[in-house]
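Since the structure comes first, as structure tokens, the remarks are kept for the end.
The values are calculated or read from the model by the stated rules, or taken from the named source; none is laboratory data. What you see is a predicted model; the values in this text were computed from it and never measured. When we count neighbours, we look across all protein chains shown, and the Cβ atoms used for this are built from the backbone with ideal geometry, even at glycine. These accessible areas exclude ligands, DNA and RNA; they are computed on the full protein's heavy atoms, side chains included. Shrake-Rupley method; radii C 1.70, N 1.55, O 1.52, S 1.80 Å.
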Amino acid sequence: MEFFVYETRQTVVAKQRPIVIITSNNEKELPDAFLRRCFFHYIRFPDRETMEKIVLSHYPDLKQDLAREALNIFFQIRDVPGLKKKPATSELLDWLKLLMVEDLPLDVLRSRDTHVVIPPLHGALLKNEQDVHLFERLAFLARRGS
């Protein structure tokens, strides 16, 4: 119910029993002994409508066409089987920021060219080498099939 702050040399004492909220993105397993003392609440990944609201709250001036195309690509990538790490909300927001800064033509995102399977500035969305290689293989297979 209290802790010492070394920098200020003061002890902080709780007036009421604190509630501690701990979040996890499941990157590491938490110990069972710790989890037994927790109340678990799972938050489902946002659906498209909710994600649109999240995006617009961060980028209210985002062009609707860009938002629509970027969300299409984002959710298509999330549906690719075999991804080690599906892009999440933070990756989408980072990618959108890059797309806005680079001011790429919308046609680049709308392209249905089977030779271009990896989206522009994909480093914001795909966070490990295995997933980039997966997309490169998909691009290779798409080229062979066309």
- Message: Could you sort the peptides 5-17, 98-110 by per-residue average Cβ neighbour count (10 Å cutoff), highest mean leading?
- Response: 98-110, 5-17
- Note on the structure: For the chain, longest principal axis from Cα atoms; helix 129-145 axis from its Cα atoms; angle between them, nearest 10 degrees, is 20
- Note on the structure: Given the candidates Pro105, Ile22, Pro46, the one whose Cα lies deepest towards the positive end of the charge dipole of the range 8-116, counting +1 at each Lys or Arg C-beta and -1 at each Asp or Glu C-beta, is Ile22
- Task: For each pair in Lys63/Lys97; Lys28/Lys127; Lys63/Lys127; Lys63/Lys84; Lys28/Lys53, compute the distance between the two Cα atoms and list the pairs where it is over 20 Å.
- Result: Lys63/Lys127; Lys63/Lys84; Lys28/Lys53
- Task: Quick one: pull the percent of accessible area on the chain belonging to carbon and sulfur, 1.4 Å probe, ligands and nucleic acids left out.
- Result: 54
- Item | Residue (of Gln10, Gln130, Phe140) at the positive-pole extreme of the chain, dipole from beta-carbon charges | Gln10
- Could you order peptides 62-69, 122-129 by the average number of other Cβ atoms within 10 Å of their residues, highest first? 122-129, 62-69
- Compactness of the range 1-47 - radius of gyration and Dmax, Cα, Å: 15.7, 47
- Item | Among [x] 45, 43, 25; [y] 86, 51, 28; [z] 67, 37, 31, the entry derived from the coordinates for Cα extents along the principal axes in Å | [z]
- Message: I'd like to check one number: the per residue accessible area of the range 37-146, probe 1.4 Å, reported in Å² as a whole number.
- Response: 67
- Message: For the chain, what does the helix formula give at 222 nm: sum of -39500 (n - 2.57) over DSSP H segments with n ≥ 4, over the residue count, nearest 500 deg cm²/dmol?
- Response: -13500 deg cm²/dmol
- Evaluate the charge dipole of the range 44-127 about its Cα centre and quote only its size in Debye, nearest 20, assuming +1 on the Cβ of each Lys and Arg and -1 on the Cβ of each Asp and Glu. 420
- Message: To the nearest 20 Debye, how big is the dipole of the chain about its Cα centre, given +1 on the beta carbon of each Lys and Arg and -1 on that of each Asp and Glu?
- Response: 520
- Just how many % of Cα pairs in the range 1-85 lie over 17 Å apart, if you round to the nearest whole percent? 71
- Query: For the chain, what relative contact order do you get, as a whole percent, if you take Cα pairs closer than 8 Å and at least 6 residues apart?
  - Reply: 18
